[in-house]
1. Which residues does the label zone of L45 cover in the range 8-24, counting backbone N under 19 Å from a point 7 Å along Cα→Cβ?
2. State the Cα centre-to-centre distance between the range 25-53 and the range 54-130 in whole Å.
3. For K125, list the lysines whose Cα falls under 23 Å from its own Cα; do not include residues on the same chain fewer than 8 positions away.
4. Around D3, under 10 Å between beta carbons, what's the net of Lys plus Arg minus Asp minus Glu among the other residues?
5. Where the accessible area of the chain is counted over protein heavy atoms with a 1.4 Å probe, how much of it, in %, is carbon and sulfur?
6. Once every DSSP H run of n ≥ 4 in the chain is given -39500 (n - 2.57) and the sum is divided by its residues, what mean residue ellipticity at 222 nm do you get, rounded to the nearest 500 deg cm²/dmol?
7. Count charges around T86 for me, please; just the other residues with Cβ under 11 Å from its Cβ, Lys/Arg as +1, Asp/Glu as -1.
8. Tell me, what is the per residue accessible area of the range 62-117 in Å², probe radius 1.4 Å?
Amino acid sequence: MIDDKFLYRFSKDVLRLDPSIRWVGIADNTGVLLNVEHREEVKLLLSDEENEEYASNAIKRHKTRITFEPKLGKMNYALGRYEGLTRATIPINNNYYLLITLDVEAKDYDTIIIEKVIPFIEKEKEKFFS
């Protein structure tokens, strides 16, 4: 099992990567949220139960996408743009996933994820042991 202190620090560090990151969740491969953090001033749009359901569904959807990886290549992240926010599911490894939401005004979400979030995951990846 991963250390709770590490998950807390990791989540807080992801929040600090960019001011448009609103919410961070770390889920295991069954879709259970292991840790959740958010910017203090952010008004959360979903309840804890709704975030749990979202995490579970996001991981299920990711597992269906793996089917196409031999033809399409490894998925870097999956993105959903809503009127109220942007959500991304980013695989850490086969057993853990980073779920983030970004302010809807953030138009450079791809740059934030590719240039800030994914390199940070790569740097910390070995601490997510299975």
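1. Once the point is set 7 Å along Cα→Cβ of L45, 15, 18-24 turn out to lie under 19 Å by backbone N, inside the range 8-24.
2. 14 Å
3. Excluding near neighbours in sequence, the set is K5, K12, K60, K63, K74, K116.
4. Summing Lys/Arg as +1 and Asp/Glu as -1 gives +2.
5. 52 percent
6. Mean residue ellipticity, 222 nm, calculated: -9500 deg cm²/dmol.
7. My count for the surroundings of T86 gives -1.
8. On a per-residue basis, the range 62-117 sits at 57 Å².
The values are calculated or read from the model by the stated rules, or taken from the named source; none is laboratory data. Just so we're clear, the structure is a prediction, and the values are computed from it rather than from any experiment. Using ideal geometry, Cβ is built from the backbone for each residue, glycine included, and neighbour counts are taken over all protein chains shown. Areas reflect the complete protein model, heavy atoms only, side chains present, ligands, DNA and RNA absent. Shrake-Rupley method; radii C 1.70, N 1.55, O 1.52, S 1.80 Å.
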